[in-house]
1. Output the 0 to 90 degree angle, nearest 10, between the alpha-carbon long axis of helix 55-72 and the longest principal axis computed from the alpha carbons of the chain.
2. Compute the FRET efficiency between ILE418 and GLU479 as 1/(1 + (r/R0)^6), taking r as their Cβ-Cβ distance and R0 = 30 Å, and round to the nearest 0.05.
3. Suppose the chain between ALA38 and ASP255 were pulled fully straight at 0.36 nm per residue; how much longer would it get relative to their current alpha carbon spacing?
4. Which value in nm describes the separation of the simple spin-label points at TYR21 and ARG543, placed 7 Å from the Cα toward the beta carbon?
5. Counting pairs of Cα atoms in segment 244-396, how many percent are more than 22 Å apart?
6. Quick one: helix 169-178 against the long Cα principal axis of the chain, what's the angle to the nearest 10°, folded into 0 to 90?
7. Over the Cα atoms, compute the radius of gyration (one decimal) and Dmax (the largest Cα-Cα distance, rounded to a whole number) for segment 432-563, in Å.
8. If the limit is 31 Å between Cα atoms, which of LYS158/LYS330; LYS127/LYS528; LYS285/LYS428; LYS127/LYS285 go over it?
Amino acid sequence: MTETPRRTWNLVPLIGQLRSYDRAWLRGDLIAGVTVAALIVPKNLGYAGIAGIPLQNGLYAAAAGALVYAVFGSCRQISVGPSSGLAAVAASAVLAAGLVDEADVASFVAGITLASGMLFLLLAVLKMGWIARFLSRAVVTGFLFGAAIDVVIGELPKLTGTEVSGSNPIQELWSWFGTLGDTQTATVVVGVVALVVVFGLRAVAPQVPGALVLVVGGLIAAAVFDLGAKGVALVGDVPSGLPSLQLPDLQLMWDHAATTSLAAVALLLIGFSQTAGDARAFAAKHHYRIDINQESTAQGLANTASGIVQGMPVSTSLSASSLNDHSGAKTGVASLTSGVTVILTLLFLAPLFSNLPKPVLAALIIEAVVMGMMNVPEMRRLARVQRFDFWIAVAAIAGTLIFGVLAGVIIGIFLSLIWLVSVATRPKMPALGLESGTQVFREVDEHPEDTVFPDVAVIRLDGGLFFATADAFDDRLREVIQGGSGLAGVVLDCGGINFIDSQGVDKMADLVEVAHDSGVTLRLARLKPSVRATLERDGVIERLGADHIHGNIYRAVEAERSRGGGGHSGAD
């Protein structure tokens with residue numbers, strides 16, 4: 001195999017998939033593609049509604065995302081298209097920009113989609129996929145939960161046929177309660193029935209595509225009962241045909257450059273965190289490898305294409321991807337089939353959606369965000385496993401509800417960084433004791449029955465010794481060295497130190513001098529070769545003494561106690 005075809009296959013994974021394609025896979029790919037399209041077409045109408053763009057634009061994005069990812073994505077089961085979380089970010093950006101004209105809104109959403117696509121491509125070129133790790137899972141969980149509440153509150157007026165006001169979800173909810181005396185009976189009935197149908201089907205028959213049933217049922221009800229004449233608002237004209245290729249209004253983007261930039265970064269972080277995890281999960285299940293940088297490229301091209309066809313942000317849909325997998329998808333041909341099916345829908349079926357009652361669309365949106373973004377089990381798990389993560393998620397929810405979805409993302413990033421700094425600057429440095437009858441040293445706090453020697457303190461540093469941890473390390477060792485009555489030696493377990501920088505070396509050198517001046521012997525155990533080499537380059541090992549470096553903790557303690565006449569540790 002020559003190098004050029006290999007590079008082509010790496011850049012266009014679908015070529016490699018087709019070269020090794022088994023005809024037996026075709027039936028599963030086609031069935032999966034059509035099945036997924038039946039799920040995503042009605043859902044994408046709802047996602048377009050969340051973002052505030054024409055409904056057909058949601059289908060444009062679905063087609064572009066599915067087709068482009070099929071060609072350039074390295075995961076064979078993923079389905080890419082609009083999602084409720086990304087739609088909520090887009091809607092918040094529109095609100096922050098103060099746009100109300102439908103054409104401006106559509107152009108602005110397409111613009112931030114294109115901007116996020118360019119950021120994805122930049123990440124791929126620079127191989128910086130790791131940047132998405134700055135948004136912790138707890139923050140994403142809280143942010144999506146808060147955004148879902150925001151969306152639900154925004155859809156409530158469509159269920160009652162009323163108008164509300166307010167600058168944040170809390171004010172909008174309060175305003176909505178004040179309008180309940182002016183509700184339209186027919187609208188309320190349609191909305192309640194729609195909610196019962198879509199949530200009821202999920203409860204009693206989860207295998208049934210509730211969104212499709214709801215949309216078809218809503219269209220039939222609108223025609224049979226002439227709901228429009230009874231005061232129930234309809235979505236309005238949904239034209240057939242394919243989109244034209246055009247760039248968003250660049251002047252509009254420039255006028256709202258700050259909002260555009262913030263929204264693009266938010267879309268990047270959320271979209272990448274969703275895609276990377278899902279791609280790894282499906283690849284592990286089906287025993288093949290994915291390329292995260294290629295995933296960034298695929299996501300970038302998919303969002304770029306969606307922006308150029310006046311679509312909206314796209315990313316992995318876990319529900320659609322799971323359905324794709326369960327329906328027999330083996331390659332990107334399934335995603336191609338989904339994209340073609342959406343295109344056929346745009347060409348021949350789009351005008352049918354014009355008579356869809358808005359309360360039905362609202363119910364569709366509410367079900368999508370409640371089931372897709374309100375992860376109650378995960379919130380419970382966070383509260384049970386790590387209470388700090390739970391409160392981080394709660395803070396992200398509160399920030400999203402009080403300050404808006406975009407601000408919620410920024411708050412989430414800030415909380416993630418604060419948590420990262422907090423953990424990095426406060427490494428765990430437990431005291432260790434000897435387990436009876438063994439040569440094993442364990443944490444005294446967890447095993448108070450273990451032997452602690454009065455003349456030798458054993459301390460372990462969990463984490464790298466660098467500028468962020470150096471001061472905490474210095475404080476802890478000084479406390480031990482200078483605070484122990486009758487202390488003859490300190491053994492530092494360095495097994496957890498996998499990195500040391502110049503500041504860490506300085507602190508270690510200082511502590512060697514502090515120990516010497518205090519008449520205490522400092523010994524290092526389980527020192528990694530790379531860390532030792534760094535210490536040697538600055539002369540720390542020479543000042544400490546090579547005979548004070550030991551292969552394990554037990555030998556270090558034995559050496560110190562033998563030197564001080566303390567005898568053996570009593571272990572076997």
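A short reminder: the numbers here are calculations on the coordinates, not readings from a lab. Just so we're clear, the structure is a prediction, and the values are computed from it rather than from any experiment. So basically every Cβ, Gly included, is an ideal-geometry build from the backbone, and we count neighbours across all protein chains shown.
1. 50
2. So the FRET efficiency works out to roughly 0.70.
3. 74.3 nm
4. Taking the simple label geometry, TYR21 and ARG543 are separated by 6.8 nm.
5. For segment 244-396, the fraction of Cα-Cα distances above 22 Å is 60 percent.
6. 40
7. According to the Cα coordinates of segment 432-563, Rg and Dmax are 13.8, 41 Å.
8. Cα-Cα > 31 Å for LYS158/LYS330; LYS285/LYS428; rest within.
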